[in-house]
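What follows is calculated from the coordinates using simple rules that are stated; it is not laboratory data. All of these numbers come straight from a predicted model, not from anything done at the bench. FYI the Cβ positions are ideal-geometry reconstructions off the backbone, even for glycines, and counts take in every protein chain you see.
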Amino acid sequence: MKIVADENMPYVEALFGHLGSIERVNGRTLASEQLIDVDVLLVRSVTKVNKALLSKANKLMFVGSATIGTDHIDLDYLAQKNIPFTNAPGCNATAVGEYAFIAMLELGKRFNQPIKNKVVGIVGAGNTGSALEKCLTAYGMKVLLCDPILEKSDSDKRQFVSLDTIIEQADIISLHVPITKDGIDQTWYLFDETRLMQLRDNTWLLNCCRGEVIDNKALIKVKRQRDDLKLVLDVWEGEPNPMEELVPLAEFATPHIAGYSLEGKAKGTFMLFDKLCNILAIPNDKSVSGLLPAFFINQVSSSEQLTESQLLTIARLVYSLKDDDELFRKTFLNNNGFDHMRKNHTHRREFSALSLVNTGHSEVNCIYKLGFSGVER
């Protein structure tokens, strides 16, 4: 079996190595000729899997994308060619939720504004939006959810509000929608110049989904008029080449790595492997935990009640958004700087990697609900 995999997808050799030969490729420049006699194709969101790419794929029997979204995949064409496909919904949801929560803590410290009493509007209440909701409710914050698709579903019993309500009432808005270009609920340029100008004074706007959910040119224009708006941008229109003038306008800027925890990456690749095992009718004797390295800190204890600043200090042990922001600003204009930083992003962990000793304080018990591991004392 011949397997072609994106060069930035981790744990492929550990999971798929015994099934055949593996060829690593640049996902952005992958060409149809590289898929001749290939059995399995493993991609990320940078690869457009369509008729043109697969025109010479004469043996392809499985395509897997280690992503939540599928807007880069021509699902109709794969179905037409009877090529099984799977993505990895939810694989990096926890990482994205924690990224957004940490970003809010960082903004709170920067502007001396505790976040606990702020109202957060989450636009898009799927896997990543729900992961953020979990963090915020664990921390005791008020959350407003906007998701017209889920609101119409009989299976989701949560309370939803309109986007207008989010804009009117939320102090912080975090975006977690897929990119869609058609229909009444399309998300392409969901936040255009009009909506951006409607944001409340001093709104914090976070985008951790797709760059084109915000009209980036309009965002530059509005931000230059409204310094009160504070931006956290992990995704950019025109990736991997964000608009140069937009980056300095963001409080925190990163190269589409909100979901790039080691745990999330491992889950994504594992989900593709599990699906292939199912197709091949072979047992899956691997595990996500078996892929992950030990965390460099065993546990952290506190004999005092945790302040918000102390919580941020603990969160930074797991992931320092400040470090990624600083590196991104220095390198994004370099040749392949955006993708180079993504490729070499191997240090990020999730809250679950760190154990906190239970001191009995309610604040500590509360942050166990955020996802940190607990140790009884």
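Going by a ≥ b ≥ c, the root eigenvalues of the Cα gyration tensor, does region 1-110 fall in the rounded group (a/c under 1.5), the prolate group (a/b larger than b/c) or the oblate group?
Cα axes put region 1-110 in the prolate bin.
Hey, what do the phi angles of region 157-169 turn into as Karplus ³J(HN,Hα) couplings, whole Hz, using 6.51/-1.76/1.60 and θ = phi - 60°, x for Gly and Pro?
Whole-Hz 3J(HN,Hα) from phi for region 157-169: 9, 5, 8, 10, 10, 7, 4, 4, 5, 4, 5, 6, 10.
Figure the gain on full extension for ILE279 and THR313 (residue separation times 0.36 nm, minus the Cα-Cα span) and round it to one decimal in nm.
Gain on stretching ILE279 to THR313: 7.7 nm.
What's the extension gain from VAL119 to THR165 if we count 0.36 nm per residue and subtract their Cα-Cα distance?
The VAL119-THR165 span can extend by a further 15.4 nm.
List the residues whose amide H sits under 5 Å from the amide H of VAL300, counting only those 5 or more places along or on another chain, with H placed 1.01 Å from N in the peptide plane.
SER355, LEU356, VAL357
Along the Cα→Cβ direction, 7 angstrom out, place labels at LYS59 and ARG224. What is the inter-label distance in nm?
Result: 5.5 nm between the two label points.
What are the trypsin sites (Lys or Arg not before Pro) within region 172-274 that DSSP puts in a loop, where the Cβ has at most 11 other Cβ atoms within 10 Å?
The qualifying sites are LYS181.
Consider the candidate values [x] 74, 38, 15; [y] 38, 20, 19; [z] 34, 26, 20; state which one is semi-axes √(5λ) of the Cα gyration tensor in Å computed from the structure displayed.
[z]
What does the helix-only formula give at 222 nm for the chain: each DSSP H stretch with n ≥ 4 adding -39500 (n - 2.57), the total divided by the residues, and the result rounded to the nearest 500 deg cm²/dmol?
Values: 13 runs with 123 residues, N = 377.
Mean residue ellipticity, 222 nm, calculated: -9500 deg cm²/dmol.
Suppose R0 equals 25 Å. What FRET efficiency, 1/(1 + (r/R0)^6) with r the Cβ-Cβ distance, do ASN344 and GLU244 give to the nearest 0.05?
0.70
So what are the ³J(HN,Hα) numbers for region 128-136, from phi and the Karplus equation (6.51, -1.76, 1.60; θ = phi - 60°), rounded to whole Hz, Gly and Pro as x?
Going residue by residue, I get 6, x, 5, 5, 5, 3, 4, 4, 5 Hz, with x marking Gly and Pro.
Enter the angle in degrees (range 0 to 90, nearest 10) between the Cα long axis of helix 262-280 and the first principal axis of the Cα atoms of the chain, meaning the one along which they spread out most.
Rounded to the nearest ten degrees, it is 30.
Using R₀ = 51 Å, calculate the FRET efficiency as 1/(1 + (r/R₀)^6) where r is the Cβ-Cβ separation of SER32 and ASP156; round to 0.05.
E between SER32 and ASP156, to the nearest 0.05, is 0.80.
For region 93-253, taking Cα atoms only, what is the radius of gyration to one decimal and the Dmax to the nearest whole Å?
Every Cα atom of region 93-253 included, Rg and Dmax give 14.6, 44 Å.
Pull out the extension gain between ASN336 and VAL357, defined as 0.36 nm times the separation in residues minus the alpha carbon to alpha carbon distance; nm, one decimal. Walk me through the numbers before you get to the answer.
Numbers: separation 21, 0.36 × 21 = 7.56 nm, distance 4.24 nm.
Answer, rounded to one decimal: 3.3 nm.
In terms of modelled amide H atoms, which long-range or inter-chain residues lie less than 5 Å from the amide H of LEU229?
Those qualifying (amide H under 5 Å, at least 5 residues apart or on another chain) are ASN202.
Output ³J(HN,Hα) for region 37-52: one whole-Hz value per residue in order, computed from phi by the Karplus curve 6.51 cos²θ - 1.76 cosθ + 1.60 with θ = phi - 60°, and x for Gly and Pro.
Whole-Hz 3J(HN,Hα) from phi for region 37-52: 6, 8, 8, 10, 10, 10, 10, 10, 6, 7, 9, 8, 8, 9, 4, 4.
Sort 61-69, 143-151 by packing, meaning the average of other beta carbons within 10 Å per residue, with the highest value first. If you can, show how the numbers build up before the last one.
Details: 61-69: 22.0, 143-151: 19.2.
Most protected by this proxy first, the peptides run 61-69, 143-151.
Which whole-angstrom value gives the distance between the alpha carbon centres of region 192-217 and region 138-156?
Region 192-217 and region 138-156 have Cα centres spaced 20 Å from each other.
Given the peptides 343-353, 167-177, arrange them by the average over their residues of other C-beta atoms within 10 Å, most packed first.
On the way: 343-353: 17.8, 167-177: 22.6.
Packing proxy ranking, top to bottom: 167-177, 343-353.
Rounded, prolate or oblate: pick one for region 218-311, where a ≥ b ≥ c are the square roots of the eigenvalues of its C-alpha gyration tensor, a/c under 1.5 means rounded, and failing that, prolate if a/b is larger than b/c, else oblate.
Judged from the Cα gyration tensor, region 218-311 comes out oblate (a/c at least 1.5, b/c at or above a/b).
Count the net charge of all other residues whose Cβ sits under 13 Å from the Cβ of GLU263, scoring Lys and Arg as +1 and Asp and Glu as -1.
Net charge around GLU263: +2.
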